[in-house]
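A short reminder: the numbers here are calculations on the coordinates, not readings from a lab. Remember, it's a predicted structure, so these values are computed and weren't measured experimentally. Here the Cβ is made from the backbone with ideal geometry for all residues, glycine too, and neighbour counts use every protein chain on show.
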């Protein structure tokens with residue numbers, strides 16, 4: 001499989017007063033084209049920071065490198081390169097569902113009429129039929145996430161970064177959304193990086209699961225998910241699933257403990 | 001419960017309150033035998049107004065024209081300045097302290113100065129109203145434009161949006177509620193300033209009418225003018241409020 | 001402390017530069033002081049009239065402060081009353097709110113007519129001007145308290161008065177102070193406008209006489225002093241707020 005994203009030696013620190021807080025430490029990752037990679041790790045391990053760097057919103061420390069499709073990319077020219085979906089849905093309250101969906105495409109230069117037509121055709125698939133003229137304030141949490149996802153999908157980029165899109169949803173809605181997301185993704189198989197806190201979700205959705213350590217974030221574990229596609233809900237109780245889950249639980253527990261202990265210490269270390 | 005029934009439930013207590021106050025008022029005047037120059041009855045006030053409606057209407061028109069003229073010009077000025085200060089921050093940092101200092105003085109205190117230089121006509125009122133309104137609209141609009149959700153800005157940047165795009169597609173729409181909050185407050189200032197400045201010196205208008213009436217001991221007329229200014233302000237405020245709810249429904 | 005100083009320094013410098021430019025242009029273009037006096041001339045006028053000005057400020061300030069204090073107390077009492085008797089709230093709140101959209105200062109003419117030219121009539125204007133925002137905010141603040149918090153105190157056996165003084169009033173203090181800040185400006189304006197209707201002393205009188213006498217430097221002096229008085233009054237309220245309701249961040 002061709003390499004889509006290759007991250008080499010990315011580090012990031014923030015200055016807190018006179019001390020430096022390391023959020024990412026020498027992170028390396030290789031994602032193939034069309035792969036669905038899930039990223040798990042304890043709070044504060046830098047997952048969102050990594051996404052921020054890949055989206056071009058934050059510059060990493062000097063020394064890191066990024067290759068997209070095998071070509072090295074300048075880290076300060078990445079804006080507009082990936083379809084990024086942050087944790088909060090960020091829907092504009094003054095725009096209708098349809099206009100929110102076309103926001104990214106609109107900025108990308110797609111004429112509004114064309115974008116609106118495309119979005120309208122996708123409404124069914126995103127289970128938003130009949131809500132095109134509604135406003136975000138009238139929607140449930142799950143629906144808002146679907147609008148945000150539609151917006152992200154309409155930004156035609158090969159790479160998608162999804163930061164805990166289902167985090168704020170209740171367990172039942174989340175399960176439905178997971179199955180639905182896989183269906184939508186199967187349609188054109190873009191390369192997806194997906195952050196989650198939920199180990200079940202990570203295994204269920206991903207071709208690969210990557211675990212990040214507690215701060216400073218490093219790649220601690222990276223393994224393929226030995227389950228066939230299409231995924232079905234029955235798989236969550238199968239031996240392969242459970243074995244991987246047990247493995248991941250152990251690692252994450254270890255890392256979470258470190259985070260917990262670190263919380264009782266001063267925030268930063270000397271640079 | 002039907003819509004009109006719900007409205008009735010909400011409206012009967014204030015209606016009752018109004019009735020009680022008006023009744024108490026009439027009663028007090030009758031019981032204490034209060035002469036007109038102390039307290040005319042509500043009836044008296046309304047009848048006097050109706051006797052010569054053109055008088056009151058002309059004055060009302062003058063005052064409202066001054067207020068709305070200054071309000072429109074001031075609002076446009078305030079909005080324009082807000083956008084300029086957001087796009088050219090150093091200009092904002094240079095000009096705002098001055099603007100704040102000027103407006104730290106109650107606008108009415110500039111009244112005498114305006115009258116000396118611009119005369120007793122509408123110009124002196126409109127100029128001060130423009131300054132006061134533009135300040136209120138400017139500060140509210142600036143706050144709205146600056147308070148933009150950082151996450152939304154990042155999102156647009158991740159789509160490759162330019163600063164101008166972020167301004168037009170995000171900052172300005174997001175600031176609309178704050179802008180209208182400023183517009184609502186400012187319209188009240190405009191009416192108050194118009195009336196008060198007329199009391200200081202004018203040829204026409206409700207404030208001038210109030211002042212003149214008290215000087216000439218025609219107290220019922222003063223009450224008429226006061227009543228008219230209250231009614232006119234309520235109407236104007238309701239209109240602005242209605243507009244702001246249509247434009248900033250979220 | 002240091003960066004508070006820094007934050008004030010830049011705007012203060014801007015104003016200073018502006019004042020210097022003003023002074024410079026007046027001198028350079030030989031502008032008559034009757035058109036536009038230079039800042040130095042204004043300061044000189046203030047200094048020369050300092051005793052009279054001080055007395056005027058004293059009068060107006062007294063009117064405003066007495067009125068503000070009265071309006072605040074009556075406002076809080078009314079707000080509390082309306083919060084306790086739901087019917088009263090439903091009857092009168094719409095009027096309280098509507099009053100803030102309307103030039104109730106116009107009633108000042110009638111107040112002066114009733115109560116004469118002394119300090120008390122202006123104080124009364126200041127009372128009713130500051131009353132409305134304080135009453136509305138007191139009521140709003142009390143209404144905003146979570147019923148679960150009241151329930152908690154009730155579960156400890158607290159009666160109405162205890163709940164009022166231990167929870168409702170303290171929780172509403174920040175909102176009340178916001179209203180008092182507004183009331184301070186309103187009270188000062190009310191006092192000055194009241195003086196325009198009939199008074200022998202005060203900043204309003206100074207402004208009025210300067211206007212009739214066409215004394216522009218005197219007028220500017222009065223403007224500056226009015227601004228200073230208003231700022232001082234506002235600052236006083238802010239200081240009080242910091243001491244009494246310190247737990248709320250600055251609005």
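When chain C is modelled as a GNM with alpha-carbon springs shorter than 10 Å, which of C:83, C:155, C:130 fluctuates the most?
Answer for the Gaussian network model of chain C: C:155.
Please compute, for the alpha-carbon atoms of region B:1-143, the extent along each of the three principal axes and give them in descending order in Å.
For region B:1-143, the Cα spread along each principal axis is 64, 52, 27 Å.
Peptide B:184-194: average number of partner chain Cβ atoms within 10 Å per residue? Don't skip to the answer; put the middle values down first.
Numbers: counts 1, 2, 0, 1, 4, 1, 1, 4, 9, 1, 1.
Taking all residues of B:184-194 together, the mean is 2.
Enter the Cα centre distance for the pair region A:12-33 and region C:146-165, rounded to the nearest angstrom.
About 50 Å separates the Cα centre of region A:12-33 from the one of region C:146-165.
Compare C:197, C:107, C:165 in a GNM of chain C, Cα atoms joined below 10 Å, and give the one with the largest fluctuation.
Ranking C:197, C:107, C:165 by mean-square fluctuation puts C:165 first.
For region A:1-79, count all C-alpha to C-alpha pairs, find those more than 15 Å apart, and express that count as a whole percent of the total.
Numbers: 1788 of 3081 pairs.
Here the tail beyond 15 Å accounts for 58 percent of pairs.
Taking beta carbons within 10 Å but only from partner chains, what does the mean come to for residues C:166-172?
The mean count of partner-chain Cβ atoms within 10 Å per residue comes to 0.
Among A:251, C:124, which comes first, second and so on when ranked by fewest other beta-carbon atoms within 10 Å?
Working: A:251 16, C:124 23.
Exposure proxy ranking, most exposed first: A:251, C:124.
For region A:83-156, what is the relative contact order in percent, using Cα pairs closer than 8 Å and at least 6 residues apart in sequence?
Values: 85 pairs, mean separation 38.1, N = 74.
Computed over region A:83-156, the figure is 51 percent.
Evaluate E = 1/(1 + (r/R0)^6) for residue A:122 and residue B:30, where r is the Cβ-Cβ distance and R0 equals 51 Å; express this FRET efficiency to the nearest 0.05. Please report the intermediate quantities before stating the final value.
On the way: r = 74 Å, r/R0 = 1.45.
Efficiency computed from Cβ-Cβ geometry: 0.10.
Can you divide the C-alpha Rg of chain C by 2.2 N^0.38 Å and report the result to two decimal places?
Numbers: Rg = 22.2 Å, N = 251, 2.2 N^0.38 = 18.0 Å.
Rg over 2.2 N^0.38 Å, computed on Cα atoms: 1.24.
Provide Rg and Dmax in Å for region A:138-271, with only Cα atoms included in the calculation.
Cα-based Rg and Dmax for region A:138-271 come out at 16.6, 49 Å.
Suppose a student asked you for the relative contact order of chain B, using Cα pairs under 8 Å spaced at least 6 residues apart; what percent would you report?
Values: 273 pairs, mean separation 64.6, N = 250.
Value for chain B: 26 percent.
Helix A:171-188 versus the longest principal axis of chain A: what angle, 0 to 90°, nearest 10, using Cα atoms?
The angle comes out at about 80 degrees.
At a 10 Å Cβ-Cβ cut-off, how would you order B:55, C:48, A:77, B:189, fewest neighbours first? Let's see the in-between values first.
Working: B:55 16, C:48 13, A:77 9, B:189 21.
Fewest-to-most ranking of B:55, C:48, A:77, B:189: A:77, C:48, B:55, B:189.
Comparing A:92, A:194, A:126, which has the greatest mean-square fluctuation in the GNM of chain A with Cα pairs linked when under 10 Å apart?
Among A:92, A:194, A:126, the largest GNM mean-square fluctuation belongs to A:92.
Give the separation of the Cα centroids, region B:151-214 to region C:21-42, in Å.
Centre-to-centre (Cα) distance: 33 Å.
If I stretch the segment between residue C:88 and residue C:17 completely, what's the gain in nm (0.36 nm per residue apart, minus their alpha carbon distance), one decimal?
20.1 nm
Can you put A:90, C:2, A:85 in order, fewest other beta carbons within 10 Å first?
Working: A:90 21, C:2 6, A:85 28.
Listed from fewest to most nearby Cβ atoms, that is C:2, A:90, A:85.
Summing -39500 (n - 2.57) over the DSSP H runs of n ≥ 4 in the protein assembly as shown and dividing by its residue number, what mean residue ellipticity at 222 nm do you reach, to the nearest 500 deg cm²/dmol? The partial results should precede the final answer.
Values: 30 runs with 496 residues, N = 772.
Helix contribution divided over all residues of the protein assembly as shown: -21500 deg cm²/dmol.
Considering the zone a paramagnetic label at residue B:100 would reach in this model (a point 7 Å from Cα along the Cα-to-Cβ line), which residues of region C:230-247 have amide N under 18 Å from it?
C:230-239
Quick one: give the max-minus-min coordinate of the C-alpha atoms of chain A along each principal axis, largest first, in Å.
53, 45, 39 Å, listed from the longest principal axis down.
Mind running the shape call on the protein assembly as shown? Use the C-alpha gyration tensor, a ≥ b ≥ c as the square roots of the eigenvalues: rounded below 1.5 for a/c, prolate if a/b tops b/c, oblate otherwise. Before the final figure, lay out the partial values.
Details: a/c = 2.36, a/b = 1.94, b/c = 1.22.
Note, shape of the protein assembly as shown comes out prolate.
Just the number: Rg to Rh for region A:83-156, Cα atoms, Kirkwood Rh, two decimals. Each step should come with its number before you reach the end.
On the way: Rg = 10.8 Å, Rh = 11.8 Å.
Looking at region A:83-156, the ratio lands at 0.91.
Grab the alpha carbons of region C:47-125, take their convex hull, and tell me the volume per residue in Å³. Show your work: numbers first, answer last.
Numbers: hull volume 9.2 nm³, N = 79.
Hull volume over Cα atoms, normalised by residue count, gives 117 Å³.
Sorted from largest down, what three extents in whole angstroms do the Cα atoms of region A:45-104 have along their principal axes?
Principal extents (largest minus smallest coordinate, Cα): 43, 26, 15 Å.
Does anyone have the angle between helix A:112-122 and the longest principal axis of chain A? Alpha-carbon axes, 0 to 90°, nearest 10?
Helix A:112-122 sits roughly 80 degrees off the main axis of chain A.
Multiply the residue separation of residue A:3 and residue A:134 by 0.36 nm, subtract the distance between their alpha-carbon atoms, and state the gained length in nm to one decimal.
Answer, rounded to one decimal: 43.1 nm.
Quick one: compute the contact order of chain C, relative version, from alpha carbon pairs under 8 angstrom and 6+ residues apart, as a percent.
Numbers: 293 pairs, mean separation 68.4, N = 251.
Computed value for chain C: 27 percent relative contact order.
Hey, any idea what Rg/Rh is for region B:55-247, computing Rh the Kirkwood way over Cα pairs?
Numbers: Rg = 19.5 Å, Rh = 18.0 Å.
Looking at region B:55-247, the ratio lands at 1.08.
Can you give me the convex hull volume of the Cα atoms of region B:147-238, divided per residue and expressed in Å³?
Working: hull volume 10.1 nm³, N = 92.
Normalising the Cα hull of region B:147-238 by residue number yields 109 Å³.
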